[in-house]
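Undergrad: Starting off with a structure, shown below.
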Amino acid sequence: MSVLIAPSILSADFAALGSAIAAVERGGADLIHVDVMDGHFVPNITIGVPVVKSLRKIATVPLDVHLMIQEPDRYIDAFAEAGAAMMSVHVEVLPHLHRTVHAIKALGAKAGVVLNPSTPVASLSEIAGDVDYVLVMSVNPGFGGQTFIPRSESKVGEVRALLDQAGNRAPVEIDGGIDQQNIARVVAAGASIIVAGSAVFHTPDPERATRELKAAASGVVAPTTR
Ligand code: DX5
Ligand code: ZN
């Protein structure tokens, strides 16, 4: 399975999102990861539907929208209409996860479910056959630039095994603290969609950082471009 790189614009300059997206697309970004936070489920507040709508107009790759919000059911229609190709919702806030996953699919988007670091893999056992992807949080959600939680590596493998057992080839995505040092390890563990925020945008050259992460993910050393 080829590995997809999804730069998270959370660490980009919000006054220049258009050029940030163009840069990572030149670097080979496969998706743009958009972190939606509500100040309730997570302590931080970020962006909402109107921004996604604007980003859709300028991005040439699909938008991967990560909903860190308390009541995602209230907003999935609007995000789908705004142009989210993928939408992930947190297991921790959804008593009717099965309904939400199928509602996202019915809107024509890929449906992902997200596990916080303290949420067990077993919480997915009844939904593993239904999801289009699973996102493993490798930091506690809310902020960019946090340190990767080492246990996440084996957790990715456990999620992969659960999906395989359910006969579902859906990819495992990982989000939080990914950089040049650990990307190959999480890919080896079974992750095939890799989110990276600060490792891309807190560098002088996000285009190059994207290219180098992508190369490291596939075990190849990126050619030096300058
Ligand atoms: C954290 C967000 C992440 C964040 C990752 O709550 O879900 O997508 O942007 O940033 P880094 O890669 O800096 O940990
Ligand atoms: Zn995210």
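Undergrad: Give me the orientation-averaged projected area of the Cα convex hull of the range 1-43, in nm², one decimal.
TA: 4.0 nm²
Undergrad: Same structure, new question: Send over the Kirkwood Rh of the range 15-68, from the inverse of the averaged 1/r over different Cα pairs, rounded to one decimal Å.
TA: Computed over the range 15-68, the radius equals 11.8 Å.
Undergrad: Something else about it: How big, in percent, is the set of alpha carbon pairs in the range 105-226 lying more than 25 Å apart?
TA: The answer is 26 percent, as a whole percent.
Undergrad: Given G190, A82, V131, which one lies farthest toward the positive end of the charge dipole of the chain, if we put +1 on the Cβ of every Lys and Arg and -1 on the Cβ of every Asp and Glu?
TA: G190
Values quoted throughout were computed directly from the atomic coordinates according to the rules given, and no laboratory measurement underlies them. Small disclaimer: the values here were computed from a predicted structure and weren't measured. All Cβ positions, even for glycine, are placed from backbone atoms using ideal geometry, and neighbour counts span all protein chains on display.
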